[in-house]
């Protein structure tokens, strides 16, 4: 009798797991992809031509109940200018945008202006002690991988006592590698520090050559969560983002929109 009960419980558990997995995979990817087409992003230098976008990561964050998520970027002259994380929350799709631009961008949704950050989305700093920028692309790729591993990312969470603090994991393969048509950008890559596979911090590395000077390696960070964040380079604190920032208005560098309802079946 005990064995039959155990088998019955096992069957129920397996069935529930399969149902949960099926529910998590109920064609949300097409819905996510279609919803991204509602937005048009424009670079400061061209207000007529919408930037192309692409999905760079499909992710899951079971710790926060997001079994299906996607990270997309909008690209201008080869360089990522805007990032968006799309994920289900409370029965609807959420669209969390962030500017990666060295300049300014603007966005419309279904033809209506919804977002125009008042300032650039990123502030780059030179990486101290970084090697000279290599001449060959494959060597620069190796340099960026080595530099990225010298950074660490931490989510300090939402609680005042930091009791939900968590070290994040670096995805060693960049989400996107680029050589921009902007002659000042010799090479670049976009990395992610993740919870599960969900990006919480983005790290931009760029070989930057202003005013025809020799290129040097620079870095910048972008937040992808409302929780507090920290980043270190060789154990030195180099970046912080506050917990639960209040400014998510149309002129801020980060903004979220609630999208379409998710079908129950």
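Since every read-out is calculated from the coordinates, none of them should be taken as a lab result. In this text the structure is predicted, and so the values were computed from the model without any measurement. Cβ sites come from the backbone with ideal geometry, for glycine too, and all protein chains shown count toward neighbours.
Arrange the peptides 133-145, 115-127 so that the one whose residues have, on average, the most other Cβ atoms within 10 Å appears first.
For the peptides 133-145, 115-127, the packing ranking is 115-127, 133-145.
If I take every Cα pair under 8 Å that is 6 or more residues apart in the chain, average their sequence separation and divide by the length, what percent do I get for the relative contact order?
Worked out over the chain, it gives 18 percent.
Would you mind pulling out the separation of the Cα centroids of the stretch 109-144 and the stretch 201-224, in Å?
Between the Cα centres of the stretch 109-144 and the stretch 201-224 lies a distance of 4 Å.
Can you give me the angle between helix 137-148 and the longest principal axis of the chain, using Cα atoms only, in degrees from 0 to 90, rounded to the nearest 10?
60
With a cut-off of 8 Å between alpha carbons and a minimum separation of six or more residues, what is the relative contact order of the stretch 122-265 in percent?
Dividing the mean separation by the residue count of the stretch 122-265 yields 23 percent.
Relative to the longest principal axis of the C-alpha atoms of the chain, give the angle of the C-alpha long axis of helix 2-24, reported between 0 and 90° and rounded to the nearest 10°.
That works out to roughly 40 degrees.
For a Förster distance of 22 Å, can you work out the FRET efficiency between the beta-carbons of residue 113 and residue 243, rounded to the nearest 0.05?
0.15
One quarter of the convex hull surface, Cα atoms only: what value does that give for the stretch 117-253 in nm²?
9.1
Based on the Kirkwood radius over alpha-carbon pairs, what is the Stokes-Einstein translational diffusion coefficient of the chain at 25 °C with 0.890 mPa s viscosity, in µm²/s?
Translational diffusion coefficient: 123 µm²/s.
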